[in-house]
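Here is the structure we will look at, set down as structure tokens.
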Amino acid sequence: MTDETEADLTGGVPQRRAKPALEAIGTRKLSPATRMMGHGYDPMLSEGSLKPPIFLTSTFVFPNAAAGKRHFEGVTGKRPGGADGLVYSRFNGPNQEILEDRLGVWEEAEDALAFSSGMSAIATLFLAMVQPGDTIVHSGPLYAATETLIARILGKFGVKWLDFPAGATRAEIDAVMEQAKGQGRVALIYLESPANPTNALVDIEAVAASRDAIFGDAEEKPPIAIDNTFLGPLWQQPLRHGADLVVYSLTKYAGGHSDLVAGGVLGTKAHINTIRSMRNTIGTICDPHTAWMLLRSLETLELRMSRAGENAAKVCAFLDGHPKVERVGYLGFLEKQDDARQADIYRRHCIGAGSTFSLFLQGGEVESFAFLDALKIAKLAVSLGGTETLASHPAGMTHLSVPDARKAALGITDNLVRISIGVEDAGDLIADFEQALAAI
Ligand SMILES: *Cc1c(COP(=O)(O)O)cnc(C)c1O
């Protein structure tokens with residue numbers, strides 16, 4: 001909402017102008033954590049209200065008829081650049097606009113869009129990009145619903161896909177890209193890193209180099225989009241490593257309190273405008289109340305994620321080497337676990353190890369269930385990135401319907417417990433895990 005509106009272009013009623021965004025003090029560039037408290041909102045345009053009001057309205061009044069026509073020229077694409085100002089709440093609203101401005105700040109994205117869920121963000125991205133006969137190249141595994149969307153739903157409309165394993169080398173990625181290019185138009189390269197639930201990292205830089213080498217001269221280079229839900233925006237910023245678009249389930253760390261469902265897409269203006277047109281058509285934007293909740297969440301994003309990350313490091317240090325623990329699949333242990341390829345990707349792409357990890361217990365389902373049922377602080381629930389610690393059993397819950405052979409290939413074993421560490425006291429969490437391990 002800080003953009004200088006072009007109110008006078010139509011000779012209409014001059015609109016009040018928002019104060020320009022504060023991005024620096026002298027030569028000091030302000031950090032995203034600071035900018036979350038004010039960016040994109042001018043209290044003086046809302047009766048001095050320190051916090052943005054929730055704008056519950058389905059439509060917006062035009063200053064005059066010519067301005068109304070100009071708005072629709074933008075929305076329908078007759079004039080490039082999208083809607084100029086607010087028109088109708090399926091397209092956008094004040095709360096969602098502030099949210100989009102602030103989401104972009106963390107990764108210095110050119111533009112951002114908010115959605116009603118992570119999956120509606122991903123589905124809108126796909127619908128905007130693909131045509132029948134196209135191929136989507138993706139890393140594997142992906143979030144289960146994303147795999148369903150690509151293989152089963154887009155498949156019904158004649159969209160093909162090819163995948164490479166998350167940890168693939170440049171040569172392996174090249175081979176899949178070449179194969180995809182050989183079968184027609186490649187619409188999109190879609191990554192997820194770290195992958196759920198294996199935590200395997202994708203070499204984004206290698207994917208970008210491969211795309212540029214293989215499609216460099218093509219009229220339409222396929223954009224690279226990546227689901228950064230597990231580490232972003234604090235611990236991994238893929239736009240800096242060659243991705244064009246970053247996708248989020250804002251339900252997780254960004255929302256951070258396990259009390260809302262939302263999604264986001266960030267990236268280059270041109271790609272975002274393509275996706276915005278699809279969102280305008282199908283109405284997958286989040287509602288004003290959810291946007292307001294997310295604005296509140298973003299104010300503490302750095303605090304929450306930093307604390308959760310520190311807690312996870314302490315908890316994993318305790319779990320590692322415990323006699324009832326077989327292995328801890330935590331990004332912070334890649335170096336010492338001697339996985340040179342993954343450790344190299346981690347060093348080049350990640351700023352932190354996150355707070356979601358895999359705990360492999362000694363035993364199988366019986367031991368996993370005994371552990372889960374004994375937890376007193378950690379709650380037994382799927383999802384991640386909230387203030388509270390959560391634990392779940394992928395083989396018996398989120399991945400129950402995955403065929404056994406694929407489960408085995410992905411390492412989703414019966415002794416695997418997925419844990420998302422929250423912002424509780426680290427000592428209390430360790431005490432909880434200690435007593436639950438003793439109960440096995
Ligand atoms: C949760 C999640 C999604 C889906 O997001 P929703 O907000 O539940 O629609 C997509 N990708 C990843 C990696 C997730 O963890």
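A few points about this structure:
- For the chain, with +1 on Lys and Arg beta carbons and -1 on Asp and Glu, the positive-most of G40, N64, I189 along the dipole: N64
- Share of alpha-carbon pairs per 10 Å distance bin for segment 300-438, given as whole %: 12, 42, 36, 9, 0
- Listed residues V186, V137, V366, most fluctuating in the chain (Gaussian network, C-alpha, under 10 Å): V366
- Close amide H pairs (under 5 Å, H built 1.01 Å from N) link Q362 with V325, E326, residues at least 5 positions away or on another chain.
- The distance between label points at V382 and R152 comes to 1.2 nm (points 7 Å beyond Cα on the Cα→Cβ vector).
- Counting only Cβ charges, +1 for Lys and Arg and -1 for Asp and Glu, the dipole size of the chain around its Cα centre is about 820 debye.
- Per residue, the accessible area of segment 35-78 comes to 61 Å², computed with a 1.4 Å probe over protein heavy atoms only.
- Stokes-Einstein diffusion for segment 243-321 at 4 °C, viscosity 1.567 mPa s, with a Kirkwood radius from C-alpha pairs, works out to 88 µm²/s.
- Carbon/sulfur fraction of accessible area - segment 94-296, other protein chains in place, 1.4 Å, %: 53
- For the residue pairs K252/K314; K221/K252; K336/K379, the alpha carbons lie more than 24 Å apart in K221/K252; K336/K379.
- Computed Rg/Rh of segment 260-377, alpha carbon atoms with Kirkwood Rh: 1.09
- Centroid-to-centroid, using Cα positions, segment 346-391 and segment 81-122 are 32 Å apart.
- Charge dipole (Cα centre; +1 on Lys/Arg Cβ, -1 on Asp/Glu Cβ; no other charges) of segment 94-296 amounts to roughly 460 debye.
- Other residues whose C-beta falls under 11 angstrom from the C-beta of N415 contribute a net charge of -2, scoring Lys and Arg +1 and Asp and Glu -1.
- Accessible surface for segment 300-438, divided over its residues, is 43 Å² per residue with a 1.4 Å probe.
- GNM flexibility winner over the chain from E302, E73, E192 (Cα, springs under 10 Å): E73
- Under the Debye formula (equal points on every Cα, no solvent term), log10 I(q)/I(0) of the chain at q = 0.08, 0.10, 0.13 Å⁻¹: -0.48, -0.74, -1.19
- For segment 94-296, the Rg and Dmax computed from alpha carbons only, in angstrom: 15.9, 48
- Antiparallel bridge percentage (DSSP; both residues within the chain; nearest 5): 60
- For the chain, adding -39500 (n - 2.57) for each run of n ≥ 4 DSSP H residues and dividing by the number of residues yields -11000 deg cm²/dmol at 222 nm.
- Alpha carbon centroid spacing (whole Å) that separates segment 323-338 from segment 244-305: 32
- In Hz, Karplus ³J(HN,Hα) per residue of segment 120-129 (6.51, -1.76, 1.60; θ = phi - 60°; x = Gly, Pro): 6, 5, 5, 5, 5, 4, 4, 4, 6, 9
- Rounded to the nearest 20, the Cβ-based charge dipole of segment 300-438 about its Cα centre (Lys and Arg +1, Asp and Glu -1) stands at 400 debye.
- Share of alpha-carbon pairs per 5 Å distance bin for segment 27-75, given as whole %: 5, 14, 14, 14, 18, 15, 10, 8, 2
- Between the listed residues L375, Q435, T387, the Cα displaced farthest toward the positive end of the dipole of segment 300-438, a dipole computed from Cβ unit charges relative to the Cα centre, is found at T387.
The values are calculated or read from the model by the stated rules, or taken from the named source; none is laboratory data. These numbers come from a predicted model, not from an experiment. Glycine gets a Cβ as well: all are built from the backbone with ideal geometry, and neighbour counts include every protein chain shown. What goes into the accessible areas is simple: the full protein's heavy atoms, side chains included, and nothing from ligands, DNA or RNA. Shrake-Rupley method; radii C 1.70, N 1.55, O 1.52, S 1.80 Å.
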